[in-house]
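Presented below is the structure to which this report refers.
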Amino acid sequence: MLDAGDYEGAFEHKSLRFRISGTQRQFARYMTGRRTPFGRVISRDFIGAATMKRLVGLPDGEYETVLFKTRFENKSVAAERVILTREAGRRQIVEYRIY
């Protein structure tokens with residue numbers, strides 16, 4: 001969804017517990033400013049994943065951090081990090097970062 005620019009749709013996959021930190025419109029605006037400038041994805045390679053119970057700025061819980069090395073149209077080397085949690089029996093997105 002992020003690759004397609006469907007930021008409002010991606011918001012719907014965010015953990016309910018963490019949606020309170022912002023609205024769908026705020027998330028879409030943030031992602032438009034942060035993700036859109038990189039352009040389309042050329043390649044994405046899985047780097048690794050780790051499970052943890054503590055992350056800075058988040059309440060203790062069950063988290064999985066997944067890292068990717070990504071090549072974009074406008075940035076040759078970048079890293080993407082997706083943090084997931086298990087909620088209502090399925091994985092939900094807590095945070096997406098691009099470096």
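Listed values, structure above:
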{"read-out": "Cα radius of gyration and Dmax for the chain (Å)", "value": "13.6, 37"}
{"read-out": "For VAL94, residues with placed amide H under 5 Å, excluding near neighbours", "value": "SER15, ILE83, LEU84, THR85"}
{"read-out": "Carbon + sulfur, % of accessible area of the chain - ligands and nucleic acids excluded, 1.4 Å", "value": "54"}
{"read-out": "Within straight-line cross-link reach of LYS14, aspartates and glutamates at Cα separation under 20 Å, skipping those fewer than 8 residues along the same chain", "value": "ASP3, ASP6, ASP60, GLU62, GLU64, GLU80, GLU87, GLU95"}
{"read-out": "Table column - 3J(HN,Hα) (Hz), segment 78-84, Karplus curve with 6.51, -1.76, 1.60, x for Gly and Pro", "value": "9, 10, 10, 10, 10, 10, 10"}
{"read-out": "Whole-number percent relative contact order across the chain, with pairs defined as alpha carbons under 8 Å at least 6 apart", "value": "23"}
{"read-out": "Average accessible area per residue (Å²) across the chain - probe 1.4 Å, nucleic acids and ligands excluded", "value": "64"}
{"read-out": "Karplus (6.51, -1.76, 1.60) ³J(HN,Hα), θ = phi - 60°, over segment 43-56, in Hz, Gly and Pro reported as x", "value": "7, 9, 10, 5, 9, x, 9, 9, 9, 7, 9, 10, 9, 4"}
{"read-out": "Between 0 and 90°, nearest 10: helix 24-34 axis offset from the chain longest Cα axis", "value": "40"}
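The values are calculated or read from the model by the stated rules, or taken from the named source; none is laboratory data. The structure displayed is predicted, hence computed values, not measured ones. SASA here: full protein model, heavy atoms, side chains in, ligands and nucleic acids out. Shrake-Rupley method; radii C 1.70, N 1.55, O 1.52, S 1.80 Å.
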